[in-house]
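The values are calculated or read from the model by the stated rules, or taken from the named source; none is laboratory data. The model shown is predicted, which means the values in this text are computed figures rather than measured ones. Glycine also receives a Cβ, built like all others from the backbone with ideal geometry; neighbour counts cover every protein chain displayed.
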Amino acid sequence: MRKIWFLVLWLCLYTVLDAQTPELPLTKGMHITSSCSIRPGAYLLAADSASQMVVCTIEGNDMEVDFQNAELRGAEEGVLPDRFAGYGLVVKGNNIRVKNAWIRGFKVAIYAENARHLTLENCDVSYNYRPRLLSTRLKENESDWLSYHHNEADEWLRYGAGIYLKNCPEATVRGCRATGNQNALLMSDCNDGLVYNNTFHFNSGLGVGMYRSSRNRIMHNLLDWNVRGYSHRIYARGQDSAGILLYEQSSGNTIAYNSATHSGDGFFLWAGQSTMDSGEGGCNDNVIFGNDFSHAPTNGVEVTFSRNRIQGNIIRECTYGIWGGYSYGSRILGNYLADCKTGIAIEHGQHDTIRQNLFQDDSVGVRLWARDEQPADWGYSQHRDVRSLGHNIDRNVFIAVRKPLVISASQNVSINGENLFLEFDKLLETPKPNDSLRFLRNDIYGNTAQIAFVWQNPVLAPFKGLNFTHPGQPQNPYAPLDIPYGELHEPDSLPGGMLAVLPDGFPRGRRFIIMGEWGPFDFSRPVATVDTVAGRQYALVLVGPSGDWKITESKGVKNISVMKGRVPAQLTFEREPGAPTCLIRFEYSGAKTIVTEFGKKIPPGERYMFTFTE
């Protein structure tokens, strides 16, 4: 009898719990107002482009919606991503948690507005809107340039996003994924949030973009290959794409322990139009610490018209490691800047500190300068002193930097505190006269090969454990610096924060920024790309997952060196004289699942066709 009563009680309790969290199928126009689970499955629920229809709305307070990895698609297979429209999911209310959603095929996958304490967890918002790019390998098309300068009226929405948050204070975005979009995560008027352990990579615009958003923590994220406007050896423009973007009065944010490599800019900060008009405000007091911003076509870090801290970052193979135009009172501390055209470039900056950085194999180490005139339509220069003055270059190390210092039309610049210069062509270049340029107590070794001596110098103490000869990021290279005045040394890493670095052996370097008409190549399938061209002689490389390939068709080419093989591979051919187009079609078969540029999975062993054409 006791067993029967226990069974009845258990069934009643199960029925109550099941009623509290029902499992529902997704339907078009669905409105969720209480906690529930979504029945697993694939749902094709197209949005109406004319009305920007929302497929599903979550509205209310104190609820959790678990999608249980249900897939919501907003467009049929074969619809191109520049035709995606509408919103997959709209969230409004307080203390709402949405998890395990898989949403694709929309202009915006998840849109949240006026949602305090929103949590988005383990959601995949890949393969949503992105435009077709018109730049080619041989020529940039200026229509591909982006502009995030205005968003007072949500102008950013025209670019689409995996996730768009508007006025969502104290939001948390964790464990989410976005690839194959133009933008992954956009935040407008969002303060005190936490974005961590996300993978937002291989998008053609931004990994994370913030507008009027302050005191957020962007930490432990993989934000690599958010890029456009690049053709290796031909042009390097970036077209205002970036791993991380801060615009318009976004202050007091912590940007730490992220990998944002191979992006147009690794990190891009601009004070905002209100500052440009009035000379006041800015994107100030952001801490940019312990990130990898390497292999940017333009700037590893761009910080302009503002005051910030840039510390302990790895910045390799960028056109400019750090661009600090019109920065003031900024501290650039303990960064590793290598293989850049210019390590640090500051135009019209004031009272910036450049301390204990390591420059290696750059063309120019530090460049400071001022122009003769300011743009007549800039309110900023009409309200502010914009002379280049008051910089302090202190205890840095320059190794094999061709021109360690280029300083022009600047005032009261101090180069002191035991800077170390080794192996250079010209130590200091001054294209225009400077006023009160002080050069004191520095160790200068000119053209010598005694590098072993340099590693023993105490100036290099912050870099102990950093492997300078290996392009990969070491696990913990960021030793605290001896910074006076009680300033912040090192942001605490988050409990459970992932080590955001590229996997061992993953392709690395600007030559692996391979752009197609829909965005950057993501290495999840094979591709043939140009390595070199000499006259009519082409050299191709095949990169991607290992597998067998063979050529099945060719036009406008002759003398192909290899007709079959395994990826990776190299081959050469000659373009026929007068041929308007050269084309080579490949057939591929591999032992692992591959993914097309539109997110379709090709199972192991199934034939996959890809083409090189020019």
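Take A539 and tell me if it is at pLDDT 90 or above, of a type in the set (G, A, S) and in contact with a Leu (Cβ under 8 Å, 6 or more places away or on another chain).
Numbers: at pLDDT 90 or above: yes; of a type in the set (G, A, S): yes; in contact with a Leu (Cβ under 8 Å, 6 or more places away or on another chain): yes.
Yes.
Please count how many residues of region 272-293 are more than 15 Å from T254 (Cβ to Cβ) and touching a Phe, Trp or Tyr at 6+ places or on another chain (Cβ under 7 Å). Full working, then the answer.
We begin by selecting, within region 272-293, every residue more than 15 Å from T254 (Cβ to Cβ); these are 272-282, 292-293.
In the following step, the residues that additionally are touching a Phe, Trp or Tyr at 6+ places or on another chain (Cβ under 7 Å) were identified as 272, 275-276, 279, 282, 293.
Total satisfying the criteria: 6.
Tell me, which strands (runs of 3 or more DSSP E) wholly within region 275-344 include 1 or more residues that are modelled with pLDDT of 95 or more and polar (S, T, N, Q)? Before the answer, list the steps.
On the way: elements: 287-289, 299-304, 309-311, 314-316, 320-323, 331-333, 336-338.
Of the strands (runs of 3 or more DSSP E) lying wholly inside region 275-344, those with at least 1 residues that are modelled with pLDDT of 95 or more and polar (S, T, N, Q) span 299-304.
Could you say which residue among E553, E517, E574, E587 is modelled with pLDDT of 95 or more, surrounded by fewer than 18 Cβ atoms within 10 Å (Cβ to Cβ), charged (D, E, K, R) and out of contact with any strand residue (DSSP E or B) (no Cβ under 9 Å at 6 or more places or on another chain)? I'd like the intermediate steps shown before the answer.
On the way: E553 fails: out of contact with any strand residue (DSSP E or B) (no Cβ under 9 Å at 6 or more places or on another chain); E574 fails: out of contact with any strand residue (DSSP E or B) (no Cβ under 9 Å at 6 or more places or on another chain); E587 fails: out of contact with any strand residue (DSSP E or B) (no Cβ under 9 Å at 6 or more places or on another chain).
Of the residues listed, the single one that is modelled with pLDDT of 95 or more, surrounded by fewer than 18 Cβ atoms within 10 Å (Cβ to Cβ), charged (D, E, K, R) and out of contact with any strand residue (DSSP E or B) (no Cβ under 9 Å at 6 or more places or on another chain) is E517.
Got at least one residue in region 117-132 being surrounded by fewer than 16 Cβ atoms within 10 Å (Cβ to Cβ) and in contact with a helix residue (DSSP H, G or I) (Cβ under 8 Å, 6 or more places away or on another chain)?
Looking for residues that are surrounded by fewer than 16 Cβ atoms within 10 Å (Cβ to Cβ) and in contact with a helix residue (DSSP H, G or I) (Cβ under 8 Å, 6 or more places away or on another chain), one finds at least one in region 117-132, hence yes.
Among the strands (runs of 3 or more DSSP E) lying completely within region 179-224, list those that include at least 2 residues that are crowded, with 24+ Cβ neighbours inside 10 Å and without any contact (Cβ under 8 Å) to a residue 60 or more places away in the chain. It would help to see each step written out before you state the result.
Numbers: elements: 183-188, 194-196, 206-211, 217-219.
Qualifying strands (runs of 3 or more DSSP E): 183-188, 206-211.
Could you name every one of the strands (runs of 3 or more DSSP E) located completely within region 21-102 that has at least 2 residues being farther than 21 Å from Y159 by Cα? Walk me through how you get there before you give the answer.
Numbers: elements: 30-32, 36-38, 42-44, 54-66, 71-73, 87-99.
By residue number, 30-32, 36-38, 42-44, 54-66, 87-99.
Taking region 149-170, which residues are part of a loop (DSSP other than H, G, I, E, B) and buried (at least 24 other Cβ atoms within 10 Å of the Cβ)?
Selection gives G160, C168.
Quick one: how many residues across region 526-543 are of a type outside the set (D, E, K, R) and part of a loop (DSSP other than H, G, I, E, B)?
2
Answer yes if at least one residue in region 387-405 is assigned to a strand (DSSP E or B) and over 31 Å from the mean Cα position of the chain (by Cα), and no otherwise.
Yes, the conditions are met somewhere in region 387-405.
Somewhere in region 364-374, is a residue touching a Gly at 6+ places or on another chain (Cβ under 6 Å) and either under 23 Å from T298 (Cα atoms) or touching a residue at least 60 places away in the same chain (Cβ under 8 Å) (or both)?
Going through region 364-374, the residues touching a Gly at 6+ places or on another chain (Cβ under 6 Å) turn out to be 365.
Imposing the further condition that a residue be either under 23 Å from T298 (Cα atoms) or touching a residue at least 60 places away in the same chain (Cβ under 8 Å) (or both) reduces the set to 365.
Within region 364-374, one or more residues are touching a Gly at 6+ places or on another chain (Cβ under 6 Å) and either under 23 Å from T298 (Cα atoms) or touching a residue at least 60 places away in the same chain (Cβ under 8 Å) (or both).
Kindly provide the set of residues from region 113-151 that are aromatic (F, W, Y) and within 30 Å of F612 (Cα to Cα), ordered by number. Before you say what the answer is, go through the steps one by one.
Quick first cut of region 113-151, residues aromatic (F, W, Y) only: 127, 129, 145, 148.
Once the filter is applied, which keeps residues that are aromatic (F, W, Y) and within 30 Å of F612 (Cα to Cα), region 113-151 yields Y127, Y129, W145.
Name the pairs: first residue in region 554-571 and without any contact (Cβ under 8 Å) to a residue 24 or more places away in the chain and assigned to a loop (DSSP other than H, G, I, E, B), second residue loosely packed, with under 15 Cβ neighbours inside 10 Å and among the basic types (K, R), Cβ to Cβ under 7 Å, at least 6 apart or on different chains?
M563/K550
Of all residues being at pLDDT below 95 and in contact with a Leu (Cβ under 6 Å, 6 or more places away or on another chain) in region 360-403, which is nearest to D435 (Cα to Cα)? Just the residue, please.
Checked region 360-403; the qualifying residue nearest to D435 (Cα to Cα) is V397.
Could you list, in sequence order, all residues of region 77-96 that are buried (at least 17 other Cβ atoms within 10 Å of the Cβ) and either β-branched (V, I, T) or touching a His at 6+ places or on another chain (Cβ under 9 Å) (or both)?
V90, V91, I96
Scan region 234-246 and report the pairs whose first residue is assigned to a strand (DSSP E or B) and among the small types (G, A, S) and whose second residue is surrounded by fewer than 23 Cβ atoms within 10 Å (Cβ to Cβ) and modelled with pLDDT of 95 or more, with Cβ atoms within less than 8 Å and a gap of 6+ or a chain change.
These pairs meet every condition: A236/T319; A236/R510.
Yes/no matrix, rows are residues, columns are (1) farther than 20 Å from F202 by Cβ; (2) in a loop (DSSP other than H, G, I, E, B); (3) modelled with pLDDT under 95:
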position: P462; (1), (2), (3): yes, no, yes
position: T469; (1), (2), (3): yes, yes, yes
position: P480; (1), (2), (3): yes, yes, yes
position: E487; (1), (2), (3): yes, yes, yes
position: P491; (1), (2), (3): yes, yes, yes
position: L494; (1), (2), (3): yes, yes, yes
position: L502; (1), (2), (3): no, yes, yes
position: S524; (1), (2), (3): no, yes, no
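Among the residues of region 353-362, what is the count of those that are surrounded by fewer than 24 Cβ atoms within 10 Å (Cβ to Cβ) and outside any strand (DSSP E or B)?
1
Output the number of the condition that F598 fails; it satisfies all remaining conditions of (1) hydrophobic (A, V, I, L, M, F, W, C); (2) touching a residue at least 24 places away in the same chain (Cβ under 8 Å); (3) in contact with a strand residue (DSSP E or B) (Cβ under 7 Å, 6 or more places away or on another chain); (4) in a loop (DSSP other than H, G, I, E, B).
So F598 meets the others, but not (3).
Can you tell me how many residues in region 590-613 are surrounded by 15 or more Cβ atoms within 10 Å (Cβ to Cβ) and on the phi < 0 side of the Ramachandran plot?
So in region 590-613, the residues surrounded by 15 or more Cβ atoms within 10 Å (Cβ to Cβ) come out as 590, 594-595, 597-599, 602, 608, 610, 612.
Okay, now just the ones that are also on the phi < 0 side of the Ramachandran plot, so 590, 594-595, 597-598, 602, 608, 610, 612.
Going through region 590-613 one residue at a time, the tally reaches 9.
Taking the condition of being of a type in the set (S, T, Y), loosely packed, with under 14 Cβ neighbours inside 10 Å and within 20 Å of L118 (Cβ to Cβ), how many residues in region 37-76 meet it?
Counting residues in region 37-76 that are of a type in the set (S, T, Y), loosely packed, with under 14 Cβ neighbours inside 10 Å and within 20 Å of L118 (Cβ to Cβ) gives 0.
Would you mention how many residues in region 182-203 are touching a helix residue (DSSP H, G or I) at 6+ places or on another chain (Cβ under 9 Å) and over 24 Å from N114 (Cβ atoms)?
1
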